[in-house]
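Engineer: Quick one: the structure is below, and I'll ask about it shortly.
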Amino acid sequence: MRMHEYQAKQVFRQHGIPTARGELALNPEQVRKIAEKLGGKVVLKSQVLVGGRGKAGGIKLANSADEAYELAKQMFGMVIKGHRVEKLYVEEQLEIDREMYVGFTIDRASKGFALIVSSVGGMDIEEIAEKHPDRIARVTVDPTYGLWDYQIREVLYKSNMPREYHKEVTRIIKPLYGILVHNEAELTEINPLVVTRDGRIIAADARLNIDDNALYRHPELKELKDYTEVDQTERIAEEKGLNFVKLDGNIGVIANGAGMSMATMDLIYLEGGKPANFLDVGGGASSEVVKEAVGIILMDESVKVIFMNIFGGITRCDEVAKGLITAFSEMEIPVPVVLRLAGTNEEEGRKLIGEFIKEKGIGSIHLVETMEEGAKKAVELAKGV
Amino acid sequence: MAIIIDENTRAIVQGITGSQGRFHAERMIAYGTKIVGGVTPGKGGSEVLGVPVFDTVKEAVEGTGANASVIFVPAAFAGDAIMEAVDAGVEVIVAITEGIPVYDELKVYKKVKAEGRILIGPNCPGVMSVEKSHLGIMPPQIFSEGNVGIVSRSGTLTYQVAYNLTKLGIGQSTVVGIGGDRIIGTSFVEVLEMFEKDDQTELVVLIGEIGGTDEEEAAKFIEKKMSKPVVGYIAGITAPPGKRMGHAGAIIEGGKGTAESKIKALNEVGVEVGRTPMEVAEIVKRKLKG
């Protein structure tokens, strides 16, 4: 779960990391009031959960409360990379002398945490690594032993950060590690960490991503999840316990298992088509789940054909067939369905579908033998061949 | 021979009285796996499927001489179950559970490695040494005994490839599902190392997916240490960056972990990567003939 900047900053402040003064606004009137309180010179920051909002026009400077009000009127409702701006974080403007970077992530390769520090900041970390390899340093922190001072010293030296900042930055890195571990975060990041003209070091931005699997241990954070930021269909799928990711093609994909679902998308692509989604019904899916999956796919109006690709291990092909039959009986399915059933109870499943097609005279179900053949057929149907 | 488990493996099932644990324990026993007991705290002294149930793993190990464990307990308790198995001296631990908090996985990983045990998973379909022993949830009927080893991050794709191989008359030695999480107990490299030493295995199929750099690490290992041929498959060419594709570990982050990068790394060290599961089986067939 990715938290908004204003939420993350609240956590940062609680742990003693300095941030600029600011408040959240939900409409232009509130923006004006907050701007007045902060002395007029403010920065308006869209609270949307995507990177690069600054470049996309989601961050604006105002020199008076009136200007802030006018800007806010334009900013509320604007769409940044598919995310609608509904909240603005209004902060005092900082006079910035220098931008730097500190952050922690989980490092898969070393099975620990990576502490990354850079004496430049304000662009994303990959860009820093590419453009300023001599100004960035990382060290692995073993979760068993925690973070030690020598590790911080090492990255500060290696990042060529001016020594005058070391003490103050160390005072930020330590609580940042505390925030990481305490909240079971996958990522804590301050980018940029700024030095102001009057010599203060302040977290100008804040990122905090929490491990979804651990949210049950952090009910106070779970409450902060902003469902307006989640794609409507993805949200419904999540409620139904399905793994769904929206893509921009027109062939709906239903498969079992994450790897199989991805392989199905890839096959469609290899055949010259475009998948509309990733949807994994999981292991041992019941007919009810299969029916729900069809419903979710049909919520996307760009879908021209559904390719249901099942390899039955724990999942039983007859159960999947029953689910599809129920779907056809209970809802209107305006697009053709390509169905491939293999593995456990394959014969029973194929028989059920065969009988259903014959009995109801349904011409829109195409039963295929292999996933390769299925992908080909789905692409043909999507192209209207 | 085979790797990780064989006919001498004596296993317990942690969570044997739960619906998943019981269902799969029954299938494992039917396959001929030596399931010698189960553990469910509070249910000690009872019996399930003809094997004794214990309150603790320590009691189960003492009472049955078990040297392996399969874990079916829910995510919130699975880290605890793995730690208990390690402390009780279990050598091979197979964790099926999906959704374990990553901080639990990190701690468990350190413990397992410090004690020199083998952890397969979490979030995996288990291990199958064909005709010898099966710990996990794989459908046994699709496998046939032979000399191709399979190591994979994906359950269903493993089944698909094994099924294709079996149809072509090519059998398998051991099939290892290493799991779809970010932090897993056993990497591709570790399993490749075992296959390299295994007499029964002549060729290895490696099934990877987007996320992390395990496949790239495997490529380095193959170049330096592997004499047996390896055939690859990588899922997720069409996966968008920044989105988790079902598995917690299947995500392209900061431009890292793309399918292209993995395919390239494997190709560069001479590993042929099939574009479809069918093609993988055909490449294997061709390589075995030559």
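Engineer: Conditions: (1) under 22 Å from the mean Cα position of the chain (by Cα); (2) assigned to a loop (DSSP other than H, G, I, E, B); (3) crowded, with 24+ Cβ neighbours inside 10 Å. B:ALA239 meets all but one. Number of the miss?
Structural biologist: (1)
Engineer: Give me the pairs: first residue in region A:333-355 and within 14 Å of chain B (Cβ to nearest Cβ) and on the phi > 0 side of the Ramachandran plot, second residue part of a loop (DSSP other than H, G, I, E, B) and among the charged types (D, E, K, R), beta-carbon distance under 7 Å, and six or more apart or on different chains, which are they?
Structural biologist: A:ASN345/A:ARG316
Engineer: Can you tell me which of B:GLY185, B:GLY249, B:GLY211, B:GLY180 is within 11 Å of chain A (Cβ to nearest Cβ), touching a His at 6+ places or on another chain (Cβ under 7 Å), crowded, with 20+ Cβ neighbours inside 10 Å and part of a loop (DSSP other than H, G, I, E, B)? Quick ask: steps written out before the conclusion?
Structural biologist: Numbers: B:GLY185 fails: touching a His at 6+ places or on another chain (Cβ under 7 Å); B:GLY249 fails: touching a His at 6+ places or on another chain (Cβ under 7 Å); B:GLY211 fails: touching a His at 6+ places or on another chain (Cβ under 7 Å).
The conditions single out B:GLY180.
Engineer: Still on this model: Return only the number of the condition from (1) exposed (fewer than 14 other Cβ atoms within 10 Å of the Cβ); (2) of a type in the set (D, E, K, R); (3) under 14 Å from the mean Cα position of the chain (by Cα) that A:ASP198 does not satisfy.
Structural biologist: So the condition that A:ASP198 fails would be (3).
Engineer: Taking only region A:125-141 into account, find how many residues are closer than 24 Å to B:ARG182 by Cα, exposed (fewer than 15 other Cβ atoms within 10 Å of the Cβ) and at pLDDT 95 or above.
Structural biologist: 1
Engineer: So which residues in region B:87-97 are touching a helix residue (DSSP H, G or I) at 6+ places or on another chain (Cβ under 7 Å) and within 14 Å of chain A (Cβ to nearest Cβ)?
Structural biologist: Quick first cut of region B:87-97, residues touching a helix residue (DSSP H, G or I) at 6+ places or on another chain (Cβ under 7 Å) only: B:88-90, B:93, B:95, B:97.
Answer for region B:87-97, where residues must be touching a helix residue (DSSP H, G or I) at 6+ places or on another chain (Cβ under 7 Å) and within 14 Å of chain A (Cβ to nearest Cβ): B:ALA95, B:THR97.
Engineer: Output the number of residues of region B:214-236 satisfying the condition of being among the aliphatic types (A, V, I, L, M), over 22 Å from B:TYR159 (Cα atoms) and either part of a helix (DSSP H, G or I) or modelled with pLDDT under 95 (or both). Spell out the reasoning first.
Structural biologist: From region B:214-236, those among the aliphatic types (A, V, I, L, M) are B:218-219, B:222, B:226, B:230-231, B:234-235; that's our starting set.
Still in the list and also over 22 Å from B:TYR159 (Cα atoms): B:219, B:222, B:226.
After this cut, where a residue has to be either part of a helix (DSSP H, G or I) or modelled with pLDDT under 95 (or both) as well, the list is B:219, B:222.
Matching residues across region B:214-236 total 2.
Engineer: Return the total of residues in region A:262-274 being over 19 Å from the mean Cα position of the chain (by Cα) and facing another protein chain (nearest Cβ under 7 Å).
Structural biologist: If we filter region A:262-274 for residues that are over 19 Å from the mean Cα position of the chain (by Cα), which is where we start, we get A:263-274.
Filter once more, so that each one left must be facing another protein chain (nearest Cβ under 7 Å): A:263, A:265-267, A:269-270.
Counting residues in region A:262-274 that are over 19 Å from the mean Cα position of the chain (by Cα) and facing another protein chain (nearest Cβ under 7 Å) gives 6.
Engineer: Are any of the residues in region A:109-124 surrounded by fewer than 15 Cβ atoms within 10 Å (Cβ to Cβ) and of a type in the set (Gly, Ala, Ser)?
Structural biologist: Within region A:109-124, one or more residues are surrounded by fewer than 15 Cβ atoms within 10 Å (Cβ to Cβ) and of a type in the set (Gly, Ala, Ser).
Engineer: Name the residue that is surrounded by the fewest Cβ atoms within 10 Å (Cβ to Cβ), counting only residues in region B:141-160 that are touching a strand residue (DSSP E or B) at 6+ places or on another chain (Cβ under 6 Å) and either over 21 Å from B:ASP181 (Cα atoms) or away from chain A (no Cβ under 11 Å) (or both).
Structural biologist: Checking each candidate, the answer is B:ASN147.
Engineer: Kindly list the number of the only condition in (1) of a type outside the set (S, T, N, Q); (2) within 10 Å of chain A (Cβ to nearest Cβ); (3) surrounded by fewer than 24 Cβ atoms within 10 Å (Cβ to Cβ) that fails for B:ILE118.
Structural biologist: Status for B:ILE118: all satisfied but (2).
Engineer: Within region A:282-315, track down each residue that is part of a loop (DSSP other than H, G, I, E, B), more than 10 Å from chain B (Cβ to nearest Cβ) and touching a residue at least 24 places away in the same chain (Cβ under 8 Å). Explain how you work it out, then say what you get.
Structural biologist: Going residue by residue through region A:282-315, those that are part of a loop (DSSP other than H, G, I, E, B) are A:282-286, A:299-304, A:313-315.
After this cut, where a residue has to be more than 10 Å from chain B (Cβ to nearest Cβ) as well, the list is A:285-286, A:299-304.
The answer is A:ALA285, A:SER286, A:MET299, A:ASP300, A:SER302, A:VAL303, A:LYS304.
Engineer: Within region A:95-108, count every residue that is buried (at least 20 other Cβ atoms within 10 Å of the Cβ) and closer than 23 Å to A:GLU168 by Cα.
Structural biologist: Matching residues across region A:95-108 total 6.
Engineer: Another question, then. Here are some conditions: (1) crowded, with 24+ Cβ neighbours inside 10 Å; (2) within 14 Å of another protein chain (Cβ to nearest Cβ); (3) part of a helix (DSSP H, G or I); (4) out of contact with any Ser or Thr (no Cβ under 8 Å at 6 or more places or on another chain). B:ILE100 meets all but one. Which one does it not meet?
Structural biologist: (3)
Engineer: Residues A:THR144, A:THR188: which one is surrounded by fewer than 14 Cβ atoms within 10 Å (Cβ to Cβ), among the hydroxyl-bearing types (Ser, Thr, Tyr) and not in a helix (DSSP H, G or I)?
Structural biologist: Values: A:THR188 fails: surrounded by fewer than 14 Cβ atoms within 10 Å (Cβ to Cβ).
After applying the criteria, what remains is A:THR144.
Engineer: Can I ask one more? Taking into account only those residues within region B:260-286 that are of a type in the set (Asp, Glu) and part of a helix (DSSP H, G or I), which is surrounded by the most Cβ atoms within 10 Å (Cβ to Cβ)? I'd like the intermediate steps shown before the answer.
Structural biologist: Taking region B:260-286 as the starting set, the residues that turn out to be of a type in the set (Asp, Glu) are B:260, B:268, B:272, B:279, B:282.
Right, trim to part of a helix (DSSP H, G or I) and you get B:260, B:268, B:279, B:282.
On the way: B:GLU260: 11, B:GLU268: 12, B:GLU279: 17, B:GLU282: 15.
So, considering only residues that are of a type in the set (Asp, Glu) and part of a helix (DSSP H, G or I), the one surrounded by the most Cβ atoms within 10 Å (Cβ to Cβ) is B:GLU279.
Engineer: Residues that are within 14 Å of chain B (Cβ to nearest Cβ) and in a helix (DSSP H, G or I): does region A:156-177 have at least one?
Structural biologist: From region A:156-177, those within 14 Å of chain B (Cβ to nearest Cβ) are A:177; that's our starting set.
In the following step, the residues that additionally are in a helix (DSSP H, G or I) were identified as A:177.
Within region A:156-177 (the criterion being within 14 Å of chain B (Cβ to nearest Cβ) and in a helix (DSSP H, G or I)), the answer is yes, since at least one residue qualifies.
The values are calculated or read from the model by the stated rules, or taken from the named source; none is laboratory data. Every value quoted in this text rests on a predicted model; they were computed, and no experiment measured them. Here the Cβ is made from the backbone with ideal geometry for all residues, glycine too, and neighbour counts use every protein chain on show.
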